[in-house]
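Structure first, commentary second.
The values are calculated or read from the model by the stated rules, or taken from the named source; none is laboratory data. Note that this is a predicted model, so its numbers are computed, not measured. Note: ideal-geometry Cβ built from the backbone for every residue, glycine included; neighbour counts use all protein chains shown. What goes into the accessible areas is simple: the full protein's heavy atoms, side chains included, and nothing from ligands, DNA or RNA. Shrake-Rupley method; radii C 1.70, N 1.55, O 1.52, S 1.80 Å.
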Amino acid sequence: MAESLQTRAREHEVASRQLANHAQQQSAVAALGQFALVNQDFNALIHQAVTLVGQALEVELTHLLELQPDGETLLMRAGVGWNPECVGAGPLAAHSDSHPAFVLASGEPVVIENMRSEKRFVTPPIFREHNIVSGVSVVVSTRQGPCGVLGAYSHRERTFTGDEINFMVAVATALGLAAERSRTRSEEHTSELQSPYVISY
């Protein structure tokens, strides 16, 4: 009887924690959407995004890799938990058997349960240097195609729930929409500068 009560208590605790985590994740997505509406600085938005992802999933490392115009390399535009020289540095390969290439090619969330037993791609040196064991990565896309990879990683082996994966997808979707708006504003600004009818005072 006592064991049954303890089991129920543990199940209730787990369920309560999952509900709390889900609520936090929904709040993070809402906060990111609100931030995007009031702030047109895309660079600030992606830094806010990787910070919120780390807090919501309780992981040590997050990143936003941006696919470069050559389509062959990525740049870590924003990150939390990495060595300072990693953020803004690069490039990282987006082809062959690399982890970013696998994520971009899959088009689906890629979950790493244990990096030590991973066979789908070659473990990036940067993952080994930062002692990454588990993680989840999703593609950030616009209507023009993939534009980056959003990732969250842990030093310990852990599983990622369906809600957590859906949360990552929601954040990546928000970033994709923001990237499109940023690109549109940039193109409109360039067009205005090139227009012969623009008068400068």
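Arranged from highest to lowest average of other beta-carbon atoms within 10 Å per residue, in what order do the peptides 153-162, 172-181 appear?
Top of the packing list down: 172-181, 153-162.
What's the local net charge at Val138, with K and R +1, D and E -1, over the other residues with C-beta under 15 Å away?
Once positives and negatives cancel, what remains is -4.
Using a ≥ b ≥ c from the Cα gyration tensor of segment 40-135 (square roots of the eigenvalues), is it rounded, prolate or oblate, where a/c under 1.5 gives rounded and otherwise the larger of a/b and b/c decides, a/b for prolate?
Oblate shape, in that a/c is at least 1.5 and b/c is the bigger or equal ratio.
Over segment 38-160, with every protein chain in place, what whole percent of the accessible area is carbon and sulfur at 1.4 Å, could you tell me?
Carbon and sulfur atoms account for 49 percent of the accessible area of segment 38-160.
Would you mind classifying segment 105-161 by shape? Square roots of the alpha carbon gyration tensor eigenvalues, ordered a ≥ b ≥ c; an a/c under 1.5 is rounded, otherwise it is prolate if a/b is larger than b/c and oblate if not.
Prolate, because a/c is 1.5 or more and a/b exceeds b/c.
What is the local net charge at Gly148, summed over the other residues whose Cβ is closer than 11 Å to its Cβ (Lys, Arg +1; Asp, Glu -1)?
Local net charge: 0.
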